[in-house]
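The values are calculated or read from the model by the stated rules, or taken from the named source; none is laboratory data. Nothing here was measured: the structure is a model prediction, and the numbers come from that model. Cβ: placed from backbone, ideal geometry, glycine included. Neighbour counts: every protein chain shown. Keep in mind that these areas ignore ligands, DNA and RNA; they rest on the heavy atoms of the full protein, side chains included. Shrake-Rupley method; radii C 1.70, N 1.55, O 1.52, S 1.80 Å.
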Amino acid sequence: MAELRPPGPRGDGRDSPAAGSGPGDRPEQTEGLRREDTESDCSADSWSDYDSRDKPGTALGRTVPDGNVRLPDIFHTNHLLFYDRFSAYQDYILSDCKASEVKQFIAEYLEKVLEPSGWQAIWRTNVFEVVVRVVDVNFPALKAVVQLSEPFLCESQDSSFTLECMQELLELKEHQILLQELWVVYESEKFDQTALAIEHVRFFYQYIWRTWDEEEEDEFDYFVRCVEPRLRLHYDILEQRVPSGLVADYQNLLSQCEELYDKFLNVRNSISGNDSDSEAGNVSMVEGLKLYDQVEHIKQRLKLIETPLLRYVFGYQKYGSLQSKGPRSAGAKVIHVVPLTITANLLQLLTRDKLCPESSEALEVQFYSDPLAAVNACYEGERVIICPGHYFVDGMFSIADSVELEGYGLPDDVVIEKQGKGDNFFDCTGANVKISNLKLVQHDAVEGILNVHHGKTTLENCVLQCETTGITVRTSAELLMKNSDLYGAKGAGVEIYPGSACTLLHNGIHHCKEGILVKNFFDEDYEAPRITMVNNMIHNNEGYGVVLVRPAMPSEMKDAPAQGMKGCTQPAQVGDETACGESSRQGQPGCVTDELELCKQAEASEQTENNSEIANVLGATSAKKRRIHRKRLSQLRFTEADDNLMSQEMFVSVEGNQFKWNGKGSFGIFFF
């Protein structure tokens, strides 16, 4: 791997990255990262070989630019790992600089490592590539002073870029080209550090820097606040750890923010050049404030996605393109049967138990070997029966109609296991979807095992072995989950969005990061979810049994200073799952029966308190939201608000649930 060999890191007190600081302590984020260029001639072993950073000499290979043999070979620099870039930006380039000092720090770094002249490069734009020779470097401007190389080598989309044309273009630019537009020609290993330094600058301005960063408050460390989260996001996307829908949302938000920010700058410049007291100035002022608010709103959304924890706490709204097929045109209904192997005995049992119609209507039976193919063939109101067996599926179940998916047997006998990487396993948008008697096993996932986007989904007598998050109930969707078992989620077992309805009856939710996560509904644009939790066993989760995500109010910040840190999870004042106290164990030997009875009573009382606490806190949060909303409407002089709308409070029914051995307790609140 390419070794960075500048004179030494900045004297900021940080340890050398070779000593194991920074992301080196998180190998899961760096091992096996994908190439940024899939056509790279770099082997997969060199891509993930971390020991190679300690080898002497250069590790930068050479590559033909875009497969063109007329242009000379260039240094291969786009294969760098997260660790290489992280340590370079943290220890050598940016250190603890502020946003306003970024360009200055980069210039100082380049002065130490860049050859000031005597090297060739390919100047690359969207329309042409031409070989130039660098004769000087303007470090403060981050530009190189260049001349056309001899012989003249140029490749373009048309033949209009002649020698005379390029000479004229360079004169217009005063022979100064941005360093990030140059790819260093592979002449000798002497220029490997020059190529590497330019790659760091190019990557920074392409993936890290935003045009509005310079206006960020300077009391914050720019690397910690902006560089590290954006760098992690970039490599998470390369490793396909971020849902494709969220990646698309992020790119769209970036484009929107850049466009709006450009408009804002134009309006601001027009205000500074005109009389602000004039009517035109006042109009521009109002327009500028509106644009500023829009930019700030999008910037906050971008930061949520860039922060790994908040990215999955808040998630994103995915609007699928699934279209309901509706009923079959002929009006007939089909039962879809999926047997791993078909026998006469199995067919006889199926006919007796499942295939005999309750009514006189004629039913058609179709057989499949793949559960996914059977579901894709369904129309409104049809049923899929999956016979015992272990089925491996490479794809996503997208259920847009009211379909029933049923396992014929116990859940452990009918297993559907996902193969291959993908965003989702089950996506449900049908008005009334039912899944029963199945075991779902998820691997190499980015999103949860089951996403309910619209309509109602019923999950009954199922086992869900999760990979990332478990079940997600989106806004306006409804989930009824009963007599099921869910475990293994690296996020929350069940995520409940604002405006959704979630009923959990007699389930087990265990060995997840969090048991149940209720997402923020405090915003006035959100409706409170409707939650029913009865007789569930929520145990052995790493964090809390139930977590509520919501913003901290100023009064709460004063009352509890520890909450002032964003993303600080505070425990609710409920008892932990403690056993009988030592004092009860020190009684007389003849009182063992009484002690056991006391233990049972204490545990029952504690579980009752836990259920009441969860219901009370969720209900109180909903009531507080309503009061704040009323106050805002009153300030805006909307005194005759819709009483039905304003009286909506969160419906919560929490009773009979047991919380045991959760790492942080039964209930917590995540303040942000």
* Asked: If you go through segment 233-261 one residue at a time, how many are in contact with a Ser or Thr (Cβ under 8 Å, 6 or more places away or on another chain) and open to solvent by 70 Å² or more (accessible area, probe 1.4 Å)?
  -> 1
* To do: Mind listing just one residue for me: the one in segment 435-446 that is open to solvent by 10 Å² or more (accessible area, probe 1.4 Å) and assigned to a loop (DSSP other than H, G, I, E, B) and, of those, modelled with the highest pLDDT?
  => N437
* Asked: Which residues, taken from segment 203-213, are part of a helix (DSSP H, G or I) and either more than 17 Å from P140 (Cβ to Cβ) or small (G, A, S) (or both)?
  -> F203, Q206, Y207, I208, D213
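Out of the residues in segment 455-473 that are modelled with pLDDT of 90 or more and open to solvent by 30 Å² or more (accessible area, probe 1.4 Å), which is nearest to A492 (Cα to Cα)?
Filtering first and then ranking leaves Q465.
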* Going by the conditions given, is R225 surrounded by 15 or more Cβ atoms within 10 Å (Cβ to Cβ), basic (K, R) and not in a helix (DSSP H, G or I)? -> no
* **Evaluation of K490 against (1) buried (at least 22 other Cβ atoms within 10 Å of the Cβ); (2) free of Cβ contacts under 8 Å to residues at least 60 places away in the same chain; (3) of a type in the set (D, E, K, R) (one fails), failing number** => (1)
* Among the residues of segment 109-136, count how many are in a loop (DSSP other than H, G, I, E, B) and in contact (Cβ under 8 Å) with a residue 12 or more places away in the chain. => 7
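To keep it simple, each residue is scored yes or no on (1) at pLDDT 50 or above; (2) of a type in the set (D, E); (3) within 25 Å of W119 (Cβ to Cβ); (4) buried (at least 21 other Cβ atoms within 10 Å of the Cβ).
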{"site": "C42", "(1), (2), (3), (4)": "no, no, yes, no"}
{"site": "W47", "(1), (2), (3), (4)": "no, no, no, no"}
{"site": "R62", "(1), (2), (3), (4)": "yes, no, yes, no"}
{"site": "H79", "(1), (2), (3), (4)": "yes, no, yes, yes"}
{"site": "F82", "(1), (2), (3), (4)": "yes, no, no, yes"}
{"site": "K98", "(1), (2), (3), (4)": "yes, no, no, no"}
{"site": "E101", "(1), (2), (3), (4)": "yes, yes, no, no"}
* To do: Kindly establish whether F220 is surrounded by 14 or more Cβ atoms within 10 Å (Cβ to Cβ), among the aromatic types (F, W, Y) and touching a residue at least 24 places away in the same chain (Cβ under 8 Å).
  => no
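Please specify each residue of segment 473-516 satisfying the condition of being aromatic (F, W, Y) and under 12 Å from V452 (Cβ atoms). Step through it out loud before you land on a result.
Within segment 473-516, the first condition is being aromatic (F, W, Y), and the residues that meet it are 487, 497.
If the condition is that a residue be aromatic (F, W, Y) and under 12 Å from V452 (Cβ atoms), then Y497 is the only one that fits.
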* Selection from segment 121-174 of residues that are within 25 Å of R62 (Cβ to Cβ) and of a type in the set (D, E, K, R) -> R124, E129, R133, E150, E155
* For segment 352-388, what are the residues that are of a type in the set (G, A, S) and more than 34 Å from the chain's Cα centre (by Cα)? -> S359, S360, A362, S369, G381
